[in-house]
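The values are calculated or read from the model by the stated rules, or taken from the named source; none is laboratory data. A quick note: this is a predicted structure, and the numbers were derived from the prediction, not measured. Virtual Cβ from ideal backbone geometry, glycine too; neighbours counted across all protein chains shown. Just the protein is used for accessible areas: all its heavy atoms, side chains included, with ligands, DNA and RNA removed. Shrake-Rupley method; radii C 1.70, N 1.55, O 1.52, S 1.80 Å.
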Amino acid sequence: MATRLRERNIPLLYGGPRTGRTTYAVFFEDPDRIKIEVVAPLVARAVPAPARVGGQGGGAGGSITATEVITYAGALVVLVGLGILLGTEYEQLGAVGRLGIPGLVAIAALLATRAISGERARARRAQTSLATLAVIAIGFFAGQLQAEILGGPGPRITQLIGYRIILAAALVAAAVAALFLIRLRAGLLAAVLSLSLLVAAFLTLNTQPIPRGWPVEALFLAPGALLVGAAEYGRRQRVVWATEVLAFSGASMAIVTAFFTADNGNLPLQIFGALLALAAFAASVYRSSAGYAIAGGLGLFAFVIDINARYFGSRLWFTVSLVIAGLVLLGIALLLSRLAPRLRR
């Protein structure tokens, strides 16, 4: 049954067939998104067990294996070591070391990502950690390459030039993260893409004379719309966690900016942020999306607090705003309780 489904390009849930205590099953969805489970009794040696990944037994994609844990730990240790090395021995490394070390880390991570074969969930999770390491190392390399071209360490690189270097590195990292996200469809890569675009927006604000208010909101609205578009594409591809991360990041980026940049009492901008929060909350119901729900719900909570802080100084209005904000959070909890079964699927 699993073979026939794959031949028809129907995605298998949970990474493929699963072995239980007494049954062997495959899960998929029909065109109306109704989950279907085909089950057979598990008889010793009558049904082959799912293929093993990294020498570990068990199901196709359920529990985390030792191979995954070692991969995660190795990627994290390399990343920490790279950051400390560049942070403490920057000038001593010389131009070759400053460029060569992150470049070699990126190449090694890419080769290791390629070496872990398989389409099952476990292999893809291990690939994700290595791909994330490669994205960060490529970002380091891109930024350092610009720094070397501009003169390397020293007073010649001013704060403004430093901002521009990090801006270009963040854009490179975002592009690479987007490419890996299309291939691996992982929530961690979606978070890296979102963070890279957020950093790029902040650094654009530091390098360009952009007045506060609506221009700043437009600056953060653009990457937010891009992330929301990516989330909707992922939803069509039936990708769960990457979609939710992108939905939350894209919506919250524009919503939160509206309140922060309205520090001069720009009421229309504050109302715009509240409308964005309401739109995200409505999208969460329509799309059954926890990402939109959290972004929209917290946006409405922030709106109540923001309006109170700017326009109402009395104790009465402060307590009323807290009650309203608490009710909003309770609404978020109730909505998420309805959405949780979808994420567990």
Order the following by accessible area, largest value first: GLU148, GLU91. Probe radius 1.4 Å; ligands, DNA and RNA are ignored.
GLU91, GLU148
Hz values of 3J(HN,Hα) by residue in the stretch 103-112 - Karplus curve (6.51, -1.76, 1.60), Gly and Pro given as x:
x, 5, 4, 5, 5, 4, 5, 5, 5, 5
What ³J(HN,Hα) values, in whole Hz, does the Karplus curve 6.51 cos²θ - 1.76 cosθ + 1.60 give for the stretch 171-188 when θ = phi - 60°, with x put for Gly and Pro?
5, 4, 4, 5, 5, 5, 4, 5, 5, 5, 5, 4, 7, 9, 6, 10, x, 5
Would you pull out the residues with amide H under 5 Å of TYR24's amide H, same chain only if 5 or more places away, H placed 1.01 Å from N?
ALA40, LEU42
Per residue, how large is the accessible surface of the stretch 244-303? Use a 1.4 angstrom probe and give square angstrom.
38 Å²
Taking 98-109, 229-240 and ranking on average Cβ neighbours within 10 Å, highest first, one gets 98-109, 229-240
Can you list the HN-Hα couplings for the stretch 72-83, worked out from phi with the Karplus curve (6.51, -1.76, 1.60; θ = phi - 60°), rounded to whole Hz and with x for Gly and Pro?
4, 4, x, 4, 5, 4, 4, 5, 4, x, 4, x
Taking 13-25, 161-173 and ranking on average Cβ neighbours within 10 Å, highest first, one gets 161-173, 13-25
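For the stretch 159-258, rounded, prolate or oblate, judged on the Cα gyration tensor with a ≥ b ≥ c (square roots of eigenvalues), a/c < 1.5 rounded, else prolate if a/b > b/c?
Oblate shape, in that a/c is at least 1.5 and b/c is the bigger or equal ratio.
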